[in-house]
1. Charges only on Cβ, +1 for Lys and Arg, -1 for Asp and Glu: so what's the dipole of the protein assembly as shown about the Cα centre, in debye to the nearest 20?
2. Return the FRET efficiency for the residue pair B:Arg204, B:Leu101: r is the Cβ-Cβ distance, R0 is 30 Å, and the value is rounded to the nearest 0.05.
3. Under 20 Å from the Cα of B:Lys37, which aspartates and glutamates turn up, not counting those fewer than eight places away in the same chain?
4. Remind me, relative contact order of chain B in percent, using alpha carbon pairs under 8 angstrom and six or more residues apart?
5. Classify chain B from the C-alpha gyration tensor, please: rounded if a/c falls under 1.5, else prolate or oblate depending on whether a/b exceeds b/c.
6. Could you sort out which of B:Lys50/B:Lys85; B:Lys88/B:Lys165; B:Lys6/B:Lys85 sit more than 28 Å apart by Cα distance in this structure?
7. Once every DSSP H run of n ≥ 4 in chain B is given -39500 (n - 2.57) and the sum is divided by its residues, what mean residue ellipticity at 222 nm do you get, rounded to the nearest 500 deg cm²/dmol?
8. Could you give the distance between the Cα centres of segment A:52-69 and segment A:1-35, to the whole Å?
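Nothing in this text is a laboratory measurement; each read-out follows from the coordinates by a stated rule. Everything numeric in this text was worked out from a predicted model, so none of it was measured. Here the Cβ positions follow ideal geometry from the backbone for every residue, glycine too, while neighbour counts run over all protein chains shown.
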Amino acid sequence: MDYEKALETAAGRLRICSQLRRMIVDRLDLPIDADWISNDQPIFGRGLELDSVDTMELILGIESEFEVSLTEEDQVAFGSVGRLAERILDDRPALLTLP
Amino acid sequence: MKIDVKMFEPDSVAVVTGGSRGIGRAIVQALAAEGVKVFFTYLSNADKAKALLDELGNAGHCAEAHQLDVSDEDQVREYFRMIRKSGKRLDVLVNSAGIALDGLVATMSAGRFRKVIDVNVIGAFLCSREALRFMVECRAGSVVFISSALSHRGGRGQGNYCASKGALWSLTHALALEAAPYGVRVNSISPGFVDTDMTRRLPREAINAAVPLGRLATPEEIAQAVLLAASPRLSYLTGSDIVVDGGLLAS
């Protein structure tokens with residue numbers, strides 16, 4: 001992979017992660033700054049301590065913002081913001097290069 | 001005290017699956033007559049869908065028809081994405097698409113049984129899942145399943161059909177509980193014998209004798225029950241199965 005392509009890919013991933021963090025905070029009304037969430041931090045259990053009820057809100061948010069349809073079978077993707085971003089990009093790789 | 005609530009708000013949007021014929025067609029017509037913009041689907045009856053569109057257009061109503069196999073998850077997902085992109089709301093989903101492939105259970109192939117479940121149950125589940133994702137975002141909406149009075153009493157040679165329609169009113173109860181916190185109501189309508197293509201070959205005299213009202217229902221009569229269940233007028237109705245059968249189950 002050439003250097004510029006790699007930079008573009010990395011920038012695209014960071015952008016999606018940032019969008020996801022903001023979405024998590026806004027949709028779940030969390031009393032924290034979105035930037036305090038790291039991309040590797042567990043979303044459920046220890047970490048952000050979200051629960052299964054919040055899963056639906058996140059699934060709806062991802063459908064609405066990214067047009068990617070998830071179900072509870074995508075549990076692994078909810079391990080962290082980074083994994084969610086990877087799952088989203090699996091379905092819609094074009095998002096990497098969208099502004 | 002007069003309750004002054006319209007049947008549907010201005011700019012309401014509805015999706016009716018299986019809307020090109022039979023009960024679905026009557027539901028499309030009834031919703032459109034109430035000023036609702038109706039998206040309806042058909043599988044193979046393109047001519048009937050076009051004829052219905054022309055009829056609605058000539059009457060000044062707003063409707064769109066799309067071919068859709070409700071049992072195809074990808075198609076259903078893309079269809080509802082199209083609906084979402086077309087506007088900011090989805091007020092009503094009527095799961096009317098359904099088939100019957102009669103036969104005795106002891107001699108029925110698994111494929112024949114499965115096909116009816118795929119269309120009648122899985123199709124209704126897929127459409128409801130996608131519609132709910134939209135409705136929950138809006139914190140409002142109404143889902144109506146078309147079940148059947150036969151699912152309450154059985155029908156010889158209709159094991160697969162009865163099983164599928166029984167699944168729908170059972171799903172209604174569960175889904176109503178899930179959707180209630182989000183302001184979405186879920187109900188089912190269980191028609192008795194209705195004068196459509198599906199009942200054309202059934203013995204009319206025997207049916208008329210069995211039904212206390214002495215006749216089959218018209219699709220329009222069933223559509224009126226669907227409209228009420230879907231309408232914000234019945235804002236406290238959810239988790240209910242409404243039997244519209246001319247007294248058949250009571251007899």
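1. 1160
2. Taking R0 as 30 Å, the efficiency between B:Arg204 and B:Leu101 is 0.85.
3. By straight Cα distance, B:Lys37 reaches B:Glu9, B:Asp11, B:Asp54, B:Glu55, B:Glu64, B:Glu78, B:Asp91, B:Glu130, B:Glu137, B:Glu220.
4. Reported relative contact order: 20 percent.
5. Because its axes are fairly even, with a/c under 1.5, chain B counts as rounded.
6. Working: B:Lys50/B:Lys85 23 Å; B:Lys88/B:Lys165 31 Å; B:Lys6/B:Lys85 26 Å.
Those over the limit are B:Lys88/B:Lys165.
7. -13000 deg cm²/dmol
8. 16
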